[in-house]
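This is the structure I have questions about; it appears just below.
What follows is calculated from the coordinates using simple rules that are stated; it is not laboratory data. Every value quoted in this text rests on a predicted model; they were computed, and no experiment measured them. Neighbour counts run over all protein chains shown; Cβ positions are idealised from the backbone, glycine included.
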Amino acid sequence: MKISYNWLKQYINTAIPAEEAAKILTQIGLEVESIEPYQSVKGGLEGFVIGKVLTCEKMANSDKLSKTTVDVGGPEPLHIVCGAPNVKAGQKVVVATEGTIVYMGDESFKIKKSKLRGEASEGMICAEDELGLGTAHDGIMVLPDDVKAGTLAKDYFEIENDISFEIGLTPNRIDAASHYGVARDLAAYLRQSGEVELSRPSVDSFHIDNTEYPVDVEVINTQACPRYAGVTVSGVKVGPSPKWMQNRLQAIGLRSINNVVDVTNYILYEIGQPLHSFDADKIKGKKIVVRTLPEGTKFTTLDGVERDLSANDLMICNESEPMALAGVFGGSESGVTANTTNVFLESAYFNPVWVRKTAKRLGLNTDASFRFERGIDPNITIYALKRAALLIKELAGGEISSEIVDQYPSKLEDFKVNINFKNVNRLVGKVIPPETMRQILTALEIKVTAETSEGMSLIVPAYRVDVQREADVVEEILRIYGYNNVEISPKLHSTIAHFPKPDKEKIINLISDLLSDNGFNEIMSNSLTKASYYENTEAYDSKKTIHIFNPLSSDLGVLRQTMLHGGLEAIALNTNRRNKDLKLYEFGNCYVLKDKTEHPDHLDNYSEKYHLALFLTGLDHEVNWITREEHTSFYLLKTYVEMILKRLGVDPDSLEVKEFSSPVFSEAVQLSDKKDRAVTFGVLRKDMLVPFDIKADVYYADFQGETILELATRNKINFNELPKYPAVKRDLALLLDKEVKFAQVKELAFKTEHKLLKKVSLFDVYEGDKLPEGKKSYAVSFILQDESKTLNDNQIDKAMKTLLTAFEKQLGAQIR
């Protein structure tokens, strides 16, 4: 939300610098995210001056150029060559002097002394577009004769210099969504160190000129519209707003439309009350009806889009048809145009829930709906109406031609809150005098109705929807008193904390450090994702997708079942920016809907599990003069998977290894601990990559977080003395059927020789035309060791013969 500092100072008498005001606002909870200078004309017309053309002669060697002398209030007139066809002696003009920067749209240039066709030129006589005051370029701008030469252009054209604050408004602080609301908070803070006045414009001059144009109002749905008020202004002349109004709106990033519409926007940002102006002549039957319409009713909004209404959309209607979506958006047929002469002004309080549902369903997020959704002040409805009517009379003429209609059957009550001084001081961490509390609360328009030695009884205005409890009031007192004014105690308190085992955060950090040290980058994906990822696919069951009731968009409509899609989105984003060699990892939760029971909304029907995902694609490392190009592979991913397990003290050999078949993977392996899957990894299918336009192979590993944590807790560290006796290595080349896996060879080896065998590893695989059809060759090494003595040849040969016999009988192996 943007706030103009010049505008803000209309309601509070302060001369503090904008930077200091920004610092104070941030301290009291209205964080100023940026400070930007604003000028009603780009460059502020710095260096431009009003001049009088003393002489003007056509140049002999040019058809278009003229040689002039111009008095700009200096000791000597300037010699300027001008190409404008309308330049004449005696004119008052605007001159850009030497060193001035001239802005023309997004381009700019600096005025320098120069020579044109041999004649000196010491400045430039400007056209409208060169000043930024218009678009005309057919000639120079000629000013009235009574303007004094030497007058600064920025003073003559009343250029406004301002500072705009970009405030990061939190959802609970809708009371500060206006210049007056921000001024109220700033004044509350400044009053602690001096007397500061806060005031808003008076509407005492409001009076009814006549009652010749009454508009009746009927509110049928009072739940959705607790209060509705309106008044008619007739005989207006729609046209451009005055410069001061345009400057105010432009300073906060709004475009001026016309004087009537600008007034409603101005009031919105002045006091936070959304208004709507109708062309009164288009209100059929001269009657406003606030109601809902049948499901599917067609309605065209101001943006020209025809929309299907819901039976729960509150509408502002005339006698026979809808005119506006209440609190959200106007209709195309009832708004103010250049031909409007009679205006009906609407000022209302709409139920926040009703407005929010309509705005979200139709995807319409307007300045009005933003405020109505969060709860505006129901007590400024009439003030805003009077203020707007007076401004319209001032800017567009006309007369107030009806009594104010105010339909308010059930008043919205303020909040009653009691506070205890001991509780306040306990929560704040410092003793704050009751008189200071009273001053702060009064400055925030919170009334103190009773006070004792123990506490206060308060009436909190209805617009402070975020202040309904004692703790909320304490927060208000503390933020205005100043968080920085609460001293830090010199005492140091320590406690003995119990951390559950395993320490999840510690293990996560352990894995993160390991992966980051090995060239991985951590990514963070939104747990909300697209429903389309889980529809019409065999990979995931769409019935298990958890849908969000009120999604921000279709791209964030469901909770993710897997980490896969977020990683692929990150790979696609990087690949499209020529960053193709990637090692990524991500921690996060995945969510699945279980089979529904008698209570489908019960929490037991939802599964939330922690996962770790790894992604590899492209080259393993950057190619240079001593390394060759090496692509990531299944075996490289396997290395990282085993590295993580070993770092957690889990022996990969202790896990069951089996091939994993899935619509996600073209090839995959699963490591399991008894019944629980620990990790699945492999190469993704090409059709999984097509929606992301990824051409390269992607290798993906999915760790089950809970299983990994459980395995980590079983890790027991055993210390053994270093063996005194040497190990022996023997190699075998085994001819096997292609269906036989190395895991079978390894498992059988340890079953057969569990005493001396310490390690089995595969160092070569060969398949080719030199082998019988359907066969392959494994070159396997075996490490044998006896920790109590040195092995002799007989023991080694016996062990190897036992292994070979087992391979031949159970795996059909042959020695090559």
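Just to check I understand the Karplus step: with θ = phi - 60° and J = 6.51 cos²θ - 1.76 cosθ + 1.60, what whole-Hz values come out for segment 802-811, glycine and proline as x?
In residue order, the calculated couplings are 4, 5, 5, 4, 5, 5, 5, 6, 9, 10 Hz.
Let me know the charge dipole size of segment 52-130 about its Cα centre in debye, to the nearest 20, where only the beta-carbon of Lys, Arg (+1) and Asp, Glu (-1) is charged.
The dipole of segment 52-130 has a size of about 320 debye.
Which residues does a label at Lys416 reach in segment 443-460, if reach means a backbone N under 18 Å from a point 7 Å past the Cα toward the Cβ?
Once the point is set 7 Å along Cα→Cβ of Lys416, 446-452, 455-460 turn out to lie under 18 Å by backbone N, inside segment 443-460.
Let me ask you something else. How large is the Kirkwood hydrodynamic radius of segment 93-163, in angstrom, based on all distinct alpha carbon pairs?
13.5 Å
Return an integer: the convex hull volume of the alpha-carbon atoms of segment 443-591, in Å³ per residue.
Residue-normalised Cα hull volume stands at 302 Å³.
Same structure, new question: In nm, to one decimal, how far is the modelled label at Ile35 from the one at Ser494, with both set 7 Å along Cα→Cβ?
4.4 nm
Apply 1/(1 + (r/R0)^6) to the Cβ-Cβ distance of Gln795 and Asp517, taking R0 = 51 Å, and write down the FRET efficiency to the nearest 0.05.
That gives a FRET efficiency of 0.75.
What dipole magnitude, in Debye to the nearest 20, does the chain give about its Cα centre under +1 on Lys/Arg Cβ and -1 on Asp/Glu Cβ?
That gives the chain a dipole magnitude of about 2100 debye.
Return the equivalent ellipsoid semi-axes of segment 366-450 as a descending list in whole Å, where each equals the square root of 5 times an eigenvalue of the C-alpha gyration tensor.
So the equivalent ellipsoid measures 39, 15, 14 Å along its semi-axes.
Once phi is turned into θ = phi - 60°, what whole-Hz ³J(HN,Hα) does the Karplus curve with 6.51, -1.76 and 1.60 give for every residue of segment 686-691, x standing for Gly and Pro?
4, 5, 6, 8, 4, x
Which value in Å is the Kirkwood Rh of segment 637-751 over different Cα pairs?
Here the Kirkwood hydrodynamic radius works out to 16.9 Å.
In Å and whole numbers, how far do the C-alpha atoms of segment 359-409 stretch along each principal axis, longest first?
39, 29, 16
Ratio of segment 190-259's C-alpha Rg to 2.2 N^0.38 Å, to two decimals?
Relative to the rule-of-thumb radius for its length, segment 190-259 sits at 1.70.
For segment 1-81, restrict the atom set to alpha-carbon positions and state the Rg and Dmax in Å.
23.2, 69
A follow-up question, please. Could you list which residues have their amide H under 5 Å from that of Ala462, counting only those 5 or more apart in sequence or on another chain, with H placed in the peptide plane?
HN-HN under 5 Å from Ala462: Phe415.
Quote the FRET efficiency, to the nearest 0.05, computed for Leu771 versus Glu629 with a Förster distance R0 of 35 Å and r equal to the Cβ-Cβ distance.
The computed FRET efficiency comes out at 0.75.
Once both labels are modelled 7 Å past Cα along the beta-carbon direction, what's the Ser527-Leu302 spacing in nm?
My value for the distance between the label points is 3.9 nm.
Can you run the Rg to Rh ratio on the chain? Use alpha carbon positions and the Kirkwood inverse-distance Rh.
Ratio of gyration radius to Kirkwood radius: 1.12.
On the principal axes of its Cα set, how long, how wide and how thick is segment 582-700? Give whole Å, largest value first.
66, 38, 24
Could I have the simple spin-label model distance between Ala136 and Gln10, label points 7 Å from Cα toward Cβ, reported in nm to one decimal?
Distance between the two pseudo-spin positions: 3.0 nm.
Still on this structure: Say a site is exposed when it is one of the chymotrypsin sites (Phe, Trp or Tyr not before Pro), sits in a DSSP loop, and has at most 13 other Cβ atoms within 10 Å; what is then the longest site-free stretch of the chain?
Between exposed loop sites, the widest span is 1-548.
What residues have an amide H closer than 5 Å to that of Lys583, excluding those fewer than 5 places away on the same chain, when H is modeled at 1.01 Å from N in the peptide plane?
Hits under the 5 Å cutoff: Asn521.
Within the P(r) computed for segment 488-573, what percentage of the Cα pairs occupies the region above 17 Å?
Counting every Cα pair in segment 488-573, those more than 17 Å apart make up 67 percent.
What number comes out for the charge environment of Met141, summing +1 per Lys or Arg and -1 per Asp or Glu over other residues with Cβ under 9 Å away?
-2
Continuing with this model, one more query. Picking from Ser457, Ile626, Val290, whose Cα lies most toward the positive end of the charge dipole for the chain (charges on Cβ: Lys, Arg +1; Asp, Glu -1)?
Of the options given, the answer is Ile626.
Considering only Ser202, Ala251, Pro226, whose Cα is most displaced toward the positive end of the charge dipole of segment 188-254, charges sitting on Cβ of Lys, Arg (+1) and Asp, Glu (-1)?
Result: Ala251.
Considering only Gly705, Val669, Asn720, whose Cα is most displaced toward the positive end of the charge dipole of segment 625-731, charges sitting on Cβ of Lys, Arg (+1) and Asp, Glu (-1)?
Towards the positive end, the residue furthest out is Asn720.
Taking the alpha-carbon distance from Lys798 and a cut-off under 15 Å, which aspartates and glutamates remain once sequence neighbours fewer than 8 residues away in the same chain are dropped?
Once the sequence-local aspartates and glutamates are set aside, what remains near Lys798 is Asp731, Glu753, Asp786.
I would also like to ask the following. Quick one: helix 742-752 against the long Cα principal axis of the chain, what's the angle to the nearest 10°, folded into 0 to 90?
The helix 742-752 is inclined about 40 degrees to the chain.
Which ³J(HN,Hα) values in Hz, rounded to whole numbers, follow from the phi angles of segment 716-733 under the Karplus curve 6.51 cos²θ - 1.76 cosθ + 1.60, where θ = phi - 60° and Gly and Pro get x?
Per residue, the Karplus-derived 3J(HN,Hα) values read 10, 8, 10, 9, 10, 5, 4, x, 8, 10, x, 8, 10, 10, 10, 10, 10, 9 Hz.
If you stretched the chain out fully between Asp676 and Tyr725, how much longer would it get, using 0.36 nm times the residue separation minus the C-alpha to C-alpha distance?
Here the segment from Asp676 to Tyr725 would lengthen by 13.8 nm.
Go from 0 up to the bin containing the longest alpha carbon distance in segment 210-352, width 10 Å each, and give me the % of pairs per bin.
Once binned at 10 Å, the Cα pair distances of segment 210-352 give 11, 40, 36, 12, 1.
If each residue of separation counts as 0.36 nm, what is the full-extension length gain between Asp503 and His207 once their alpha-carbon separation is subtracted?
99.4 nm
Figure the gain on full extension for Asn589 and Lys64 (residue separation times 0.36 nm, minus the Cα-Cα span) and round it to one decimal in nm.
The span from Asn589 to Lys64 would gain 181.6 nm if fully extended.
Let me ask something additional. What FRET efficiency comes out for Lys759 versus Thr713 if R0 is 35 angstrom and r is the Cβ-Cβ distance? Round to the nearest 0.05.
0.85
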